[in-house]
Amino acid sequence: EADIYQTPRYLVIGTGKKITLECSQTMGHDKMYWYQQDPGMELHLIHYSYGVNSTEKGDLSSESTVSRIRTEHFPLTLESARPSHTSQYLCASSEYGRETQYFGPGTRLLVL
Amino acid sequence: QQPVQSPQAVILREGEDAVINCSSSKALYSVHWYRQKHGEAPIFLMILLKGGEQKGHDKISASFNEKKQQSSLYLTASQLSYSGTYFCGTGTNTGNQFYFGTGTSLTVIP
């Protein structure tokens, strides 16, 4: 069973605030991902990492940034939140050489 | 590069069968299937790695036609618990790119 955690689970914040969404996994997976998903819609890859100090932007343009200083930790930061950032953010991880992704419970973000 | 799924949505009565298709414009190395229930994260169902491979899990099975660059998910004698959005995920042989499909919403009613 996968162990991947996201905090906070829900966040309501005002426009212009800086926020960091946390994601941690205890499986030692090298690959980690951030997806943005609106209710009932597709999964859009916004960032991914293949290991420590490796980060790449995904297919969906995003104003967020990520860092990967430790294998188990992959935080996502929005410097200045806007209402257009309102969505669900899902973190996932996979073992290098295997593509099966294990998802965290997600963070639902509402920017007022 | 994103795989296209069909149908976009389907409503079934309990006990009926359904087929969900996933087609890619790129050569595929692997196909994954996930199910996401409302308000939850996607859960991995199965992976198919070889062309022509078929796998089954309870009454849910899948096939992978490498030549046609497509996969199909078969849900037999559907149960209420099968409701959710199904996503395929496709990987290429470089192993560096993985794409989730457009999703299929499946609703099973009594």
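The values are calculated or read from the model by the stated rules, or taken from the named source; none is laboratory data. Worth saying up front: this structure is predicted, and the values here are computed from it rather than measured. Ideal geometry is used to build each Cβ from the backbone, glycine not excepted, and the neighbour counts take in all protein chains shown.
Below are the figures for this structure:
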read-out	value
Failed criterion for B:GLU66 (all others in (1) of a type in the set (D, E, K, R); (2) closer than 28 Å to A:SER87 by Cα; (3) out of contact with any strand residue (DSSP E or B) (no Cβ under 8 Å at 6 or more places or on another chain) hold)	(2)
Candidate set: the stretch A:23-38, residues that are under 16 Å from the mean Cα position of the chain (by Cα) and assigned to a loop (DSSP other than H, G, I, E, B); chosen: the one nearest to A:TYR102 (Cα to Cα)	A:HIS29
Residue satisfying condition, being more than 26 Å from A:GLY104 (Cα to Cα), modelled with pLDDT of 90 or more and surrounded by fewer than 17 Cβ atoms within 10 Å (Cβ to Cβ), within set B:ALA27, B:ALA77, B:ALA18, B:ALA9	B:ALA77
Checking B:VAL108 against (1) within 11 Å of chain A (Cβ to nearest Cβ); (2) buried (at least 17 other Cβ atoms within 10 Å of the Cβ), the condition it does not meet	(1)
Candidates B:LEU49, B:LEU45, filtered to the one that is within 14 Å of chain A (Cβ to nearest Cβ) and either crowded, with 16+ Cβ neighbours inside 10 Å or touching a Lys or Arg at 6+ places or on another chain (Cβ under 8 Å) (or both)	B:LEU45
Residues located in the stretch A:52-77, provided they are surrounded by fewer than 15 Cβ atoms within 10 Å (Cβ to Cβ) and in a loop (DSSP other than H, G, I, E, B)	A:VAL52, A:ASN53, A:ASP59, A:LEU60, A:SER61, A:GLU63, A:ILE69
Candidates A:THR15, A:THR20 - the one that is under 13 Å from the mean Cα position of the chain (by Cα) and in contact (Cβ under 8 Å) with a residue 12 or more places away in the chain	A:THR20
Residues of the stretch B:1-50 satisfying the condition of being among the polar types (S, T, N, Q) and under 15 Å from B:GLY89 (Cα atoms)	B:GLN1, B:GLN2, B:GLN5, B:SER6, B:ASN21, B:SER23, B:SER24, B:SER25, B:SER30, B:GLN36
Test set (1) buried (at least 18 other Cβ atoms within 10 Å of the Cβ); (2) touching a residue at least 60 places away in the same chain (Cβ under 8 Å); (3) farther than 24 Å from A:SER93 by Cα - B:THR90 fails condition number	(3)
Subset of the stretch A:59-96 [over 23 Å from A:MET41 (Cβ atoms), away from every other protein chain (no Cβ under 14 Å) and in contact with a His (Cβ under 9 Å, 6 or more places away or on another chain)]	A:THR65, A:SER67, A:THR71, A:GLU72
Every pair of residues 6+ apart whose Cβ atoms lie under 7 Å, when the first sits in the stretch A:98-112 and is more than 11 Å from chain B (Cβ to nearest Cβ) and part of a loop (DSSP other than H, G, I, E, B) while the second is surrounded by 20 or more Cβ atoms within 10 Å (Cβ to Cβ) and at pLDDT 95 or above	none
